[in-house]
1. Where only protein heavy atoms count, and the probe is 1.4 Å, what is the accessible area per residue for region 195-344 in Å²?
2. Under a no-solvent Debye model with one identical scatterer per Cα of region 191-289, what's log10 I(q)/I(0) at q = 0.19, 0.20, 0.23 Å⁻¹?
3. Shape call for region 33-175 from the C-alpha gyration tensor, a ≥ b ≥ c root eigenvalues: rounded (a/c under 1.5), prolate (a/b greater than b/c) or oblate?
4. How large is ³J(HN,Hα) for each residue in region 107-119, as worked out from phi by the Karplus curve 6.51 cos²θ - 1.76 cosθ + 1.60 (θ = phi - 60°), to whole Hz, x for Gly and Pro?
5. At q = 0.12, 0.25 Å⁻¹, what log₁₀ I(q)/I(0) does region 18-92 have when each alpha carbon counts as one equal point scatterer in the Debye sum?
6. Which lysines, on any chain, are close to LYS105 with Cα under 19 Å apart, when same-chain ones fewer than 8 places away are left out?
7. Restricting to Cα pairs below 8 Å that are 6+ residues apart, what does the relative contact order work out to for the chain? Please round to a whole percent.
8. Against the empirical 2.2 N^0.38 Å scaling, what ratio does the C-alpha Rg of the chain come to?
Amino acid sequence: MTLDDTKRMAIAMKLSDMKAVQELLISNEQKFISAVNDSDIADRLRDMLKDDQKNLGVLDTVMVQYGVKSEPKETVSEMVKKLDQLMSESKLTIYEKVFQHELLKHQQVMTGIVIHKAAQKVGADVEAAITPLNTINFENRAHQEQLKGVLEVLGVRELTGMEADQGLWARVQDSVAALTGVVGSVITQTSDKSDMNLQDVIRMDHQKVNTLFMQIDATQDPQKRQEYFGQIYKDLNAHSRAEEEVAYPAVRGRYPDGDLKELYDEQAEMKVLLDQIRSLNPSSEDFMNAIHRLKDIVMDHVRQEESTYFAAIRDNFSSAESEQLATQFKAAKSKIQDEMSAKK
């Protein structure tokens, strides 16, 4: 395992940590909604829950796109288990529970930022893969501001039995509005979408593999070439198999048979060449020539998919259906990645 392989695995573990915490955030909010007697706070919590459920889907997208799998750190798993138990018991007041929840939001924000910054150091392909993470970072930062207002109301009510001055609550809303206006949203949060659509997910794969090809071209270091090709090998095999299981069968009868056969044939040619490149010395001219042939095949394939195939999806499927296909595609790809890791 090279140094960069170790760095990539460390980022994969941090992503798994984020997913474990994200699932806990969702579980907490579901408990809070039924525990609070304030309809305004309950409504705000429902909105957060909706955001966090979407963000879990975004995080799944990032992890599948990243293509390196890991389990959460043992200490994070233990922390999540203990906090989930505390949130289910009556030892803490609702104020204390929401306070712990706000700390988790802060942890989630910082983890997302650290992953983003680490990706800039490890490789452009990693940075491309984790880009949707910005959506989660922005949303959690906005949630922190809202939770400050919730805590003020709950805390004053708990201590005095009286209602808090609403000045801070209003300032919180202004802060959230300003934050949203500055950073916007990246993937799903400005709509009722439950997931990215299939075209977006496939296009992200295309962008990542193109970045990896550029990284190979830009280095003379055989070890770096081998590292980048290893990621190309895993990504293209998982991507193509998921397309053949989910994406291509979906358009049968709605896309010319000849064009669909061409997509299958190109991927078969690509897989043969991938296996041939594995046996070549990365410092050799033969290796680079084969890489350039592979890139030509892949980019021709990309151009057809992003023109005629994407048009077939847009013309024959609703937005909801395309989002459902994206969810199925990611699930298939994740399962394939797990199978590939198990064979190592």
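1. Numbers: 6990 Å² over 150 residues.
It amounts to 47 Å² per residue over region 195-344.
2. -0.99, -1.05, -1.23
3. Numbers: a/c = 2.58, a/b = 1.77, b/c = 1.46.
Taking the square roots of the gyration eigenvalues as a ≥ b ≥ c, region 33-175 is prolate.
4. 4, 5, 4, 5, 4, x, 5, 4, 4, 4, 5, 5, 4
5. Relative scattering, expressed as log10 I(q)/I(0), comes to -0.41, -1.15.
6. In chain and number order, the partners are LYS14, LYS19, LYS31, LYS50, LYS54, LYS73, LYS81, LYS82, LYS97, LYS117, LYS148.
7. Numbers: 333 pairs, mean separation 66.3, N = 344.
Computed over the chain, the figure is 19 percent.
8. 1.14
The values are calculated or read from the model by the stated rules, or taken from the named source; none is laboratory data. This is a predicted model, so every value here is computed, not measured. Cβ coordinates were reconstructed from backbone atoms using ideal geometry, including for glycine residues, and neighbour counts include every protein chain displayed. Side chains are part of the model used for accessible areas, which takes the heavy atoms of the whole protein and leaves out ligands, DNA and RNA. Shrake-Rupley method; radii C 1.70, N 1.55, O 1.52, S 1.80 Å.
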